[in-house]
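Presented below is the structure to which this report refers.
The values are calculated or read from the model by the stated rules, or taken from the named source; none is laboratory data. Bear in mind that the values here come from a model prediction, so they are computed numbers and not experimental data. Positions of Cβ are generated from backbone atoms using ideal geometry, with glycine treated the same way; all protein chains shown enter the neighbour counts.
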Amino acid sequence: MWSSVLSVEVYVSRRVPRSRVPRSRVPLALLLGATLTAPLALPTPAAAATGQYTVTALKFTVQTGGRTCTVDADLYRPAGADRAHPAPAVLATNGFGGSKADGQTDAIGKAFAQRGYVSLVYSGLGFGRSGCLISLDDPTIDGLAAAQLVDFLGGKRAADDGTQADFVTLDAPGDPRIGMVGGSYGGAIQLATAAVDHRVDALVPMITWNDLSYSLAPNNVAGHRSVPGAFKWQWANGFYLIGEGQPLLEPSLDPSRINSLACLHFVTKACETVRTLNSGSYPAERTAELLAYARSVSPVSYLSRVKAPTLLVQGQADSLFNLNEATATYKSLKAQGTTTKMIWQSWGHSGGTSDPAAGELNLSQGNLESSYVGRRILAWFDRYLGRRTDVDTGPAFAYYRDWITDPNGTYATADRLPAPSRTLYLSGDGKLVDNRRKVTRGSRTYTNWPVATSHSENSLYGVLGLPDPAPYDTKGTHLGWTSEPLKRTTDVVGAPRATLKVVSPKAERTQNSGNAADRLVLFAKLYDIAPDGTKTLVHRLVAPVRVPDVTKSFTLTLPGIVHRYEKGHRLRFVVAASDGAYFGNRGIKPVTVVSAPRDTGVLELPVVGD
């Protein structure tokens with residue numbers, strides 16, 4: 001939710017080491033079958049890039065969420081932009097915990113002003129020196145506040161000091177030509193704003209969410225999101241502490257920033273949601289309230305009102321908002337006829353300590369023109385803000401390939417999302433076989449312990465620049481199925497699916513208790529096993545599942561990946577009882593998986609080139 005991007009950073013303090021959310025700065029309190037074509041060459045924007053601009057600090061008094069508060073902003077005005085020579089505008093705000101003054105939000109203002117755009121960057125509600133409570137990019141609060149800044153850019157209102165923006169291109173009186181760009185918390189705000197204000201002309205949301213109920217407590221069972229899945233306690237509580245600590249990190253006597261002693265800086269429903277998830281108990285009424293609120297502040301609930309052309313950019317290395325979130329948004333927008341395209345770049349909220357790979361977007365280096373994603377963003381704005389109909393905005397889908405060494409060829413493109421094309425079967429002897437006739441009849445059992453016995457990641461270690469132990473699974477607490485060595489290189493692009501049937505008498509006895517926490521929880525994942533036995537859990541991603549009914553088979557969707565399984569490597573599909581980054585089972589619930597040639601689990605892979 002909650003990191004600023006565009007070279008991507010989680011901004012809360014400027015004194016913490018970099019992370020793989022590149023150049024990240026976070027306080028220690030934080031714990032954020034396709035048809036392939038050649039990569040696209042894209043033009044630079046039509047606007048002259050003089051590189052000269054002025055910056056003016058502004059304040060705006062806004063009415064939103066039943067409160068009156070001040071929004072703190074900076075206006076970047078390119079040289080030559082005046083009433084006689086207006087320019088399109090770009091609006092942006094920070095990631096969770098950041099402000100207009102952090103390096104990345106500031107970089108957005110500079111980068112686009114240098115390229116001829118009027119840029120207005122502001123501290124989001126409850127952050128920096130802006131007032132009001134943190135309301136999780138609620139369209140009825142944060143979106144309406146942003147719409148009042150659009151009013152300023154459209155000449156309908158002045159800043160508090162009387163400053164007028166009479167140098168922005170208008171499509172109609174009060175209707176500015178405006179785009180939005182930014183990531184994570186600064187990505188969802190774009191969709192929230194466009195849902196309540198159709199004057200917004202173009203969006204570039206990066207590494208952001210589709211459904212916070214999935215982001216914070218993912219249940220990867222298809223069609224069963226009526227109950228929370230497994231709570232991401234590390235991510236959620238880290239950001240909750242950052243939000244509640246805002247008055248200490250940015251001292252302010254502004255009463256609009258204070259809620260109550262029980263919920264200091266968030267809107268009340270946000271605090272109640274985190275407390276319910278932390279309780280580990282999900283009775284039906286409380287669960288319904290939790291899910292309803294989380295979805296009400298999520299694009300999943302208001303995408304039908306988003307009409308602005310949208311370029312989605314999501315990170316492959318992201319256990320907070322994985323590729324499936326952007327895919328869900330992409331499919332919804334496409335289905336309703338909203339112009340949309342999607343890019344899966346390399347970096348997201350998760351990972352190690354390096355900057356973006358060579359050739360990847362890193363706005364702090366000003367490499368828009370020299371990075372694939374940067375050129376795509378410039379082309380998007382050139383087309384929908386510059387209204388250049390001759391500009392090619394690129395293919396429907398593009399994805400970064402980390403096995404390509406040439407920085408100019410790391411992206412592959414496609415006219416559609418890859419679909420599952422290869423099927424493997426879970427044999428009773430622990431093998432992953434390519435033909436149902438090869439399945440051996442048999443059953444195997446695992447059980448959970450009172451403590452977590454599998455490890456995928458310590459979610460915030462990468463953000464903080466700390467080392468994280470390699471993923472592992474403790475014997476007896478997981479089951480795995482391993483393929484024969486691959487006879488040829490296999491590229492998986494997309495979200496694998498698995499259909500399973502498990503037997504768990506203890507879970508069967510408790511699953512109808514009326515409390516969703518009593519249902520069986522398991523964690524599915526896919527390893528790459530090298531010939532020397534080295535195991536790689538791609539980007540440390542797992543699929544938590546709260547099984548709806550252990551008496552029936554169920555289908556789960558794993559997080560999307562882009563990964564090359566080299567010839568001679570083996571695939572290993574694992575179902576584990578627990579994971580230290582999530583809340584798991586309540587009580588001990590042994591699980592048995594039975595396999596037979598005509599009745600066994602299935603793993604489907606979206607393999608490119610099959």
When residues of region 80-101 are limited to those that are surrounded by fewer than 24 Cβ atoms within 10 Å (Cβ to Cβ) and modelled with pLDDT under 95, the one nearest to residue 363 (Cα to Cα): 101
Residue selected from region 77-116 under the condition under 28 Å from the mean Cα position of the chain (by Cα) and assigned to a strand (DSSP E or B), by the criterion farthest from residue 308 (Cα to Cα): 93
Matching strands (runs of 3 or more DSSP E) fully within region 520-587 where at least 3 residues are hydrophobic (A, V, I, L, M, F, W, C) and within 28 Å of residue 599 (Cβ to Cβ): 521-529, 570-576
Test for residue 256: is it part of a helix (DSSP H, G or I), within 25 Å of residue 178 (Cβ to Cβ) and out of contact with any Phe, Trp or Tyr (no Cβ under 8 Å at 6 or more places or on another chain): no
Given (1) closer than 20 Å to residue 213 by Cβ; (2) buried (at least 22 other Cβ atoms within 10 Å of the Cβ); (3) not β-branched (Val, Ile, Thr), index of the condition residue 554 fails: (2)
Restricting region 492-514 to residues that are crowded, with 18+ Cβ neighbours inside 10 Å and assigned to a strand (DSSP E or B), the residue that is nearest to the chain's Cα centre (by Cα): 494
Any hit, region 195-212, residues being in a helix (DSSP H, G or I), touching a helix residue (DSSP H, G or I) at 6+ places or on another chain (Cβ under 8 Å) and closer than 16 Å to residue 308 by Cβ: yes
Enumeration of residues in region 434-468 that are in a loop (DSSP other than H, G, I, E, B) and buried (at least 22 other Cβ atoms within 10 Å of the Cβ): 448, 453, 456, 457, 459, 460
Top-ranked residue in region 201-233 [being out of contact with any Leu (no Cβ under 8 Å at 6 or more places or on another chain) and small (Gly, Ala, Ser); ranked as nearest to residue 458 (Cα to Cα)]: 230
Residues located in region 405-419, provided they are out of contact with any helix residue (DSSP H, G or I) (no Cβ under 8 Å at 6 or more places or on another chain) and within 21 Å of residue 495 (Cα to Cα): 412, 413, 414, 415, 416, 418, 419
Matching option when the condition is at pLDDT 50 or above and among the hydroxyl-bearing types (Ser, Thr, Tyr), among 50, 44, 68, 37: 68
Only listed residue being within 27 Å of residue 346 (Cβ to Cβ) and surrounded by 20 or more Cβ atoms within 10 Å (Cβ to Cβ), chosen from 472, 400, 425: 400
